[in-house]
1. FRET efficiency for MET152 and ARG17, Cβ-Cβ distance as r, R0 = 25 Å, nearest 0.05?
2. Name the lysines eligible as straight-distance cross-link partners of LYS96: C-alpha to C-alpha under 29 Å, and not fewer than 8 places from it in the same chain.
3. Enumerate the residues in the range 347-375 having an amide nitrogen under 18 Å from the point lying 7 Å beyond the Cα of ALA341 toward its Cβ.
4. Could you do me a favour and compute the accessible area per residue for the chain, 1.4 Å probe, result in Å²?
5. For the chain, what are Rg and Dmax over the alpha carbons, in angstrom?
6. Return the percentage of antiparallel bridges among DSSP beta bridges fully within the chain, rounded to the nearest 5 %.
7. Percent of accessible area on the chain owned by carbon and sulfur, 1.4 Å probe?
8. Run the simple label-point estimate for THR325 and PHE74 please: 7 Å along Cα→C-beta, distance reported in nm.
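The values are calculated or read from the model by the stated rules, or taken from the named source; none is laboratory data. Since we're looking at a predicted model, the values are computed, not measured. So basically every Cβ, Gly included, is an ideal-geometry build from the backbone, and we count neighbours across all protein chains shown. Ligands, DNA and RNA are excluded from the accessible area calculation, which covers all protein heavy atoms including side chains. Shrake-Rupley method; radii C 1.70, N 1.55, O 1.52, S 1.80 Å.
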Amino acid sequence: MSERPKSHLFYQTRRRRPTLDQARGVYMWDVDGKRYLDGSSGAMVCNIGHSNERVLEAMRRQMEKSTFGYRLHFETEPAERLAEKTASLAPEGMEKVFFVSGGSEAVESAIKLARQYALAVGQAQRFKVISRYPSYHGCTLGALALTGYAPMTAPFDPMMRAMPKVPAPRAYLDGLDPEDPETGRHYADQLEQRILAEGPETVLAFIQEPVGGASTGALVPPAGYMERVREICDRYGVLLIHDEVMSGGGRTGRFFAAEHWGVAPDILVVSKGFAAGYAPLGAMVAHERIVEPVLDAGGFIHGFTYAGNPLACAAGLAVIEEIETQGMMENAERIGALLKARLQGLMQRFPFIGDVRGQGLLLAFELVADRASMAPLPKGLKAFDRLVEIAYDKGLIIYSRRTRGGHEGDHFLVCPPMIATEEHVAEIEGALVASLQVFAQEAGLPVAGAA
Ligand code: PLP
C-alpha cells in the first residue's frame with residue numbers, strides 16, 4: 001500500500017483500508033491497482049453490482065432536473081413513482097410508503113408508526129416491541145433497543161428502554177430439525193409465551209428479520225415458524241414488523257424474503273439493496289389500515305430531512321428496473337444454489353465448518369470447534385476477524401460477525417452481487433479454500449486430505 005497522509009476520518013477503529021479507486025460489476029480496485037471480488041456486496045448492499053451504466057444514466061438525468069425537493073414544499077416524480085412501484089411489490093394492502101435514507105431510520109420509523117397507530121386506535125397502553133436474540137435492527141437508540149447483539153448494545157443499556165427478546169429460531173444450534181413444523185412451532189410459541197408474560201395489552205409489535213442478516217448469519221426460519229408467528233401476532237393484536245433491510249431487494253430470490261412463506265407483515269422496512277449503494281435510501285411500507293388512522297388522528301409525527309430525495313428515488317427506481325429486466329432475482333436463486341452447494345462441499349475438506357445456511361444469495365458459513373456439539377472455536381482465535389483479513393489479502397471480500405449474540409462464534413456472509421456468474425462462484429470458492437487453508441494452519445485446525 002502506498003504511503004498516505006494521516007486521516008482525519010474515524011469510524012469504529014484505527015484500522016486503515018486501501019483507498020478505493022473504482023468498482024465495476026462484482027469487482028473493486030484500490031488505487032494501487034489491486035483487484036477485489038466484492039463477495040459481500042459491501043455490507044450486503046450493492047446487490048446489482050457496481051457502476052451499472054443504466055442506473056448511472058438515470059441518476060444523471062435526474063441530476064440535471066433537481067437533486068433536492070423538500071417534501072413539505074414539493075412532491076417529486078421519482079418519489080411518487082418509486083412509492084407506487086414499491087407498493088406494487090409489497091403484499092396486498094401495503095400501499096403506503098415512507099422514504100428514509102437507511103436501515104436504522106427505517107426501523108425507527110416503523111416502531112414510531114406502530115406506536116402512533118396504537119394511540120390513534122385507543123390502545124395507548126401498548127408500547128413494548130418484542131424482538132429476537134440475536135438480531136440486528138440498527139444503531140440508533142430506538143433500533144438498538146430491539147437489537148440482540150451484546151457488544152453493540154451493552155454500552156448504551158442505561159440510555160435505552162429495555163425491550164423484551166425471544167430466541168431466534170436457530171434450530172441448527174439447538175439440535176432441532178428445521179424441516180419439522182414442530183420446530184417452527186417450538187420457537188413461535190416462545191413468542192406467545194413472552195406476549196402472555198408481558199401482558200398482551202402492553203405489547204405493540206414483534207419485529208423480525210425474515211431471513212437473518214449479520215447477527216445470525218443468514219438464518220432461514222424453520223418450517224411453520226413464519227406462519228405461526230403471524231397467527232400469534234393476530235391473536236393478541238400485536239403488529240408484525242418485517243425488517244427486510246438486508247433480506248429485501250431481491251437477494252433471497254424474491255423481492256421481499258417473507259414471500260418465500262407467503263406471510264404478510266403489517267409494516268416492513270427495506271434499505272441496503274433497495275438502491276443498491278447508488279444512493280442512501282430506505283423505505284417503510286405499511287398497510288393502509290395502519291396509516292389511515294394515524295393520518296386521521298392528526299398526522300405521523302416523524303420525518304427526516306432527506307426523505308424522498310429525488311436523486312435517491314431515481315436511483316432506487318432504476319435499480320428495481322434492473323433487477324426485474326435483467327432477471328437478477330432468478331439469477332440470485334440459481335447462482336445462490338450453486339454457491340451454497342460449493343460452500344457445503346468445503347465442509348468435507350474443512351471439518352471446522354459447522355454449518356452452511358441461507359436463501360438465494362444471502363448465504364453464510366459458520367466455523368466451530370466441533371461439528372457434533374456445535375461448540376464454537378476458542379474466542380481468542382478471533383476467527384471472525386482473522387479469516388476476513390486473510391481473504392481480503394487474497395482479493396476476496398467477505399463479511400463476518402460473532403454468532404452467539406456477539407460473544408463468541410464466527411460466521412461469514414458470502415453474498416456477492418446478484419449478477420454473479422458461475423465463474424465468479426469458482427473464483428470465490430478458490431479464494432475461500434486458499435484462505436481457510438492459511439487460517440487452519442495458523443490456528444492449528446485439521447484439514448482433511450492435508451499432508
Ligand atoms: N436492519 C437490518 C436487518 C440490518 O441488516 C441493518 C444493517 O445492517 C439495519 C437494520 C440498519 O441499517 P443501516 O446500517 O442502514 O442503518
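1. Values: r = 21 Å, r/R0 = 0.83.
So, using R0 = 25 Å, E works out to roughly 0.75.
2. Cα-Cα hits under 29 Å: LYS65, LYS85, LYS112, LYS128, LYS165, LYS272.
3. Under 18 Å, as judged by backbone N against the label point of ALA341, lie 347-349, 356-364 of the range 347-375.
4. With all protein chains present, the chain gives 43 Å² per residue.
5. According to the Cα coordinates of the chain, Rg and Dmax are 21.8, 72 Å.
6. Percent antiparallel among DSSP bridges in the chain is about 70.
7. Carbon-and-sulfur percentage of accessible area, whole number: 52.
8. If labels sit at THR325 and PHE74, their model points lie 2.5 nm apart.
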